[in-house]
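Working notes, structure below.
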Amino acid sequence: MMEASVSLRESNKARTRLSISDTATRLFVQRGFENVTVAEIAQAAQVSVKTVFNYFSSKEELFFDRADAVRDALLGAIASRPAGTPMLEALRAVLADRRVPFDTEGWRALRDPERYEQYRSFVATEYASPALRARRLVIADQWGDAFAELFETELHDRHAARVLAAMVVGVMSLRERELSAAVLERASARTAERRVRAVVDEGFARLARAFADLD
């Protein structure tokens, strides 16, 4: 009974968090990030402002609520890679084969017109907001630190791990810009995927050659 109670409580918390996040995203897309207050989000989600901050530390975190899931999916791809698979190849596969690293549907969602437009609206909201673009840079730094820590355990070379992590984040940033540009231009789903794959494959091929002695 205790385990069932804990499971139910965690499930309720997850639903509340998702409801707040979905409500915030809808308002951000409709009105622009800077034009929405946390109080308005709380009212629309039918919770208190305190409850919002119990789940999210800032308004920016409400927008990038899956940043940790992206990081965990990428780190997990390295940690769970088959024996003999290089770290960079594990990362390349996830970043090339999936629109979002944690989404096992791969690129399928982008081929649905309604979901394409939802994603395009999300990207357009971010690009219209200086605060969100600045927040993405902070997130990239955090991902770099996480990569460096994991790479160091794999490579046993702190300096090489930090350099490699910075370069991986650089390729990921280029990937994000390429995907965003494609959907903002309303390129077809297949064209967007092809452009992302080209950037990822080129970037990781060059990284693999540069760090061939470390993996």
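The values are calculated or read from the model by the stated rules, or taken from the named source; none is laboratory data. This one's a predicted model, so the numbers in the text were calculated from it and none came from an experiment. All Cβ positions, even for glycine, are placed from backbone atoms using ideal geometry, and neighbour counts span all protein chains on display.
Only one of Ala187, Ala192, Ala198 is farther than 22 Å from Ala69 by Cα, outside the structural domain of Ala24 (by TED's automatic domain parsing) and not in a helix (DSSP H, G or I). Can you tell me which?
Working: Ala192 fails: not in a helix (DSSP H, G or I); Ala198 fails: not in a helix (DSSP H, G or I).
The match here is Ala187.
Residue under question is Ala140, and the condition is that it be free of Cβ contacts under 8 Å to residues at least 12 places away in the same chain, out of contact with any strand residue (DSSP E or B) (no Cβ under 9 Å at 6 or more places or on another chain), of a type in the set (Gly, Ala, Ser) and under 26 Å from Glu193 (Cα atoms); does it hold? Break it down stepwise before answering.
Working: free of Cβ contacts under 8 Å to residues at least 12 places away in the same chain: no; out of contact with any strand residue (DSSP E or B) (no Cβ under 9 Å at 6 or more places or on another chain): yes; of a type in the set (Gly, Ala, Ser): yes; under 26 Å from Glu193 (Cα atoms): yes.
Answer is no for this residue.
Looking only at the range 77-87, count how many residues are exposed (fewer than 15 other Cβ atoms within 10 Å of the Cβ) and outside any loop (DSSP other than H, G, I, E, B). Give the steps one after another, and end with the answer.
Of all residues in the range 77-87, those exposed (fewer than 15 other Cβ atoms within 10 Å of the Cβ) come to 79-80, 82-85.
Then keep just the ones that are outside any loop (DSSP other than H, G, I, E, B); that gives 79.
Matching residues across the range 77-87 total 1.
Given the criteria of a type outside the set (Asp, Glu), touching a helix residue (DSSP H, G or I) at 6+ places or on another chain (Cβ under 6 Å) and assigned to a helix (DSSP H, G or I), does Val70 qualify?
Numbers: of a type outside the set (Asp, Glu): yes; touching a helix residue (DSSP H, G or I) at 6+ places or on another chain (Cβ under 6 Å): no; assigned to a helix (DSSP H, G or I): yes.
No, not satisfied.
Does the range 33-53 contain at least one residue that is in contact (Cβ under 8 Å) with a residue 60 or more places away in the chain and closer than 17 Å to Gln118 by Cβ? If you could, list the steps in order and put the result at the bottom.
At the first step, the residues of the range 33-53 found to be in contact (Cβ under 8 Å) with a residue 60 or more places away in the chain are 33-34.
Still in the running and closer than 17 Å to Gln118 by Cβ: 33.
Yes - at least one qualifying residue is present in the range 33-53.
Exactly one condition in (1) assigned to a helix (DSSP H, G or I); (2) under 23 Å from Phe102 (Cβ atoms) is not met by Ala42; state its number.
Unmet for Ala42, out of (1) assigned to a helix (DSSP H, G or I); (2) under 23 Å from Phe102 (Cβ atoms): (2).
Of the conditions (1) of a type in the set (A, V, I, L, M); (2) in a loop (DSSP other than H, G, I, E, B); (3) touching a Ser or Thr at 6+ places or on another chain (Cβ under 9 Å), Ala90 fails just one. Which one is it?
Evaluating Ala90 over (1) of a type in the set (A, V, I, L, M); (2) in a loop (DSSP other than H, G, I, E, B); (3) touching a Ser or Thr at 6+ places or on another chain (Cβ under 9 Å) leaves (2) as the failure.
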